[in-house]
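The block underneath contains the structure these notes are about, expressed in structure tokens.
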Amino acid sequence: MKHLHVLGIETSCDETSAAIVSGTGSGMPRLVAQRVLSQARAHEPFGGVVPEIASRSHVEALSLVIESCLTDARLRGDELDAIAVAHRPGLIGALLIGVTTAKALAWAWRKPLIGIHHLEAHLEAPLLTSPEAAAAAAAAGENARDDWLTPPFLGVVLSGGHTDLYVISADGKREHIGGTLDDAVGEAFDKVASIIGLGYPGGPAVERAARGATAGDLRLPRTLLGATSLDFSFSGIKTAVLYLWRGQDVKAPGPVAGAPTREQIAAAFQEAVGDVLVEKLRRALRATGLRKVVLGGGVVANRYLRDRVRIALAEQKVGEFGVPYADQVIFPEPAFATDNGAMIAALALKKFKAGEFSTLDLEASPS
Ligand code: KG4
Ligand code: ZN
């Protein structure tokens, strides 16, 4: 089959991104060009994403981001094979900017339009390789693993808006088997960072603060919701941090006397999140009998959590026969864990091959 070039557009939250990915729809996609413009500085004063600011920033940046990709790829728009866009879930105003732009380009260039589910795309990200990693792998004589995403597997999305477990069955069908009852895990990172004054976005800041620190005897709650639940709850841990940091006066501007350090809280928080994740993923593997885990979403950029999950699921031998819980635990490169256009385009290549196109009345949807 011919090598296709697909433009992927991502505007579901606070990253304005576009990418051009090429491939045949089976095997490894190749990243031809990508731009990711983070709006973090625009949202930072507010300690979280402000939807109106996100929409306005996408409007201002998106055409330039797309043009830069085309320039980098040395392609004209009408040389592309399809235009793909994340159309759900996300902030409705933000999604609309991407969807409207994608429709206009598809119409103007007379190319097929492909609407992409953002969470499904997060689980496609492990197939993406940065030019640096591709060069390093080639130098080491390693082959790309194009069987990585062959189902069945346990799909895990850990992001700012989602904490979801899915069974991806052998026929590719997706079944939701667990999710958060309150805050998403990335949201908990962001809120904890905001409470202890680490700024926004909180995930990378908490990871940095925790690096080299230890929790000591500080132990934050692990909410497991009974013995068999596959759901998550992170609001208790956030509240525990709030009381630790500000005492009874939760509106206090800073830490109360005797509060642990930021670094200690960051380490204790990551430790607790790691424990919860490991326990929930083990439960999910036991309940489903699956042996492969694919993770995606911004929180999966966290190296501490990657190590915890990889070691607990794939390296530690358990039970009387001494086998690990999983045969394979698959992560995207950290740069492809957070929102990006390449994962949108990569999934679109598969949809193209399967003949799954959208029409120009494609709608954006928050859910
Ligand atoms: O997937 P993503 O870019 O956007 C959504 O779809 O939500 O995820 C963003 C979330 C934010 O909550 C951010 O704080 C978190 O991912 N995040 C991290 C790290 N990098 C980003 N959380 C923990 N450690 C990180 N290194
Ligand atoms: Zn995302």
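Averaging Cα coordinates gives a centre for the range 118-160 and one for the range 327-367; these two points are 12 Å apart. Rounded to the nearest 0.05, the FRET efficiency derived from the C-beta distance between H117 and A140 at R0 = 41 Å is 0.75. For the chain, relative contact order (Cα pairs under 8 Å, six or more residues apart, normalised by length) works out to 24 percent.
For the range 174-196, backbone nitrogen atoms closer than 18 Å to the point 7 Å from S367 Cα along Cα-to-C-beta are found at 175-184. Protection proxy ranking of 80-87, 227-234, by the mean of other Cβ atoms within 10 Å over each peptide's residues and highest first, is 80-87, 227-234.
Between M1 and R219, the modelled labels are 5.3 nm apart [label points 7 Å from Cα along Cα→Cβ].
For the pair the range 29-101 and the range 285-321, the centres of their Cα atoms are 31 angstrom apart.
Tell me, Kirkwood radius of the range 195-303 from alpha-carbon pair distances, in Å?
Across the range 195-303, the inverse of the average 1/r is 15.3 Å.
Here the mean projected area of the convex hull built on the C-alpha positions of the range 46-126 is 6.3 nm². Couplings for the range 169-177, taken from phi via the Karplus curve 6.51 cos²θ - 1.76 cosθ + 1.60 with θ = phi - 60°, read 7, 4, 8, x, 5, 10, 10, 7, 10 Hz in order; Gly and Pro are left as x. What would the Debye formula give as log10 I(q)/I(0) at q = 0.09 Å⁻¹ for the alpha-carbon point model of the chain, no solvent? Log-scaled intensity ratios, in q order: -0.52.
GNM on the chain, alpha-carbon springs under 10 angstrom: the most fluctuating residue among H176, H43, H58 is H176.
Among G341, G27, G199, the largest mean-square fluctuation in a Gaussian network model of the chain, built with springs joining Cα atoms closer than 10 Å, belongs to G27. Apply the membrane-span-like helix rule to the chain: whole DSSP H runs, Cα extent along the own long axis of at least 24 Å, mean Kyte-Doolittle hydropathy at least -0.5. List the helices found. Once both thresholds are applied, what remains is 51-73, 92-109, 262-288. Going toward the positive end of the dipole of the range 225-287, with +1 on Lys and Arg Cβ and -1 on Asp and Glu Cβ, which of A272, P260, W245 do you reach last? After comparing all options, I get A272.
The alpha carbon convex hull volume per residue for the range 241-367 rounds to 209 Å³.
For the residues A337, A326, A170, a GNM of the chain with alpha-carbon springs under 10 Å puts the largest fluctuation on A170. Other residues whose C-beta falls under 13 angstrom from the C-beta of A301 contribute a net charge of -2, scoring Lys and Arg +1 and Asp and Glu -1.
Every number here is computed from the coordinates shown, using simple stated rules; none is lab data. Bear in mind the structure is a predicted one, so any value in this text is a computation, not a measurement. Counting neighbours? That spans all protein chains shown, and the Cβs are built from the backbone with ideal geometry, glycine included.
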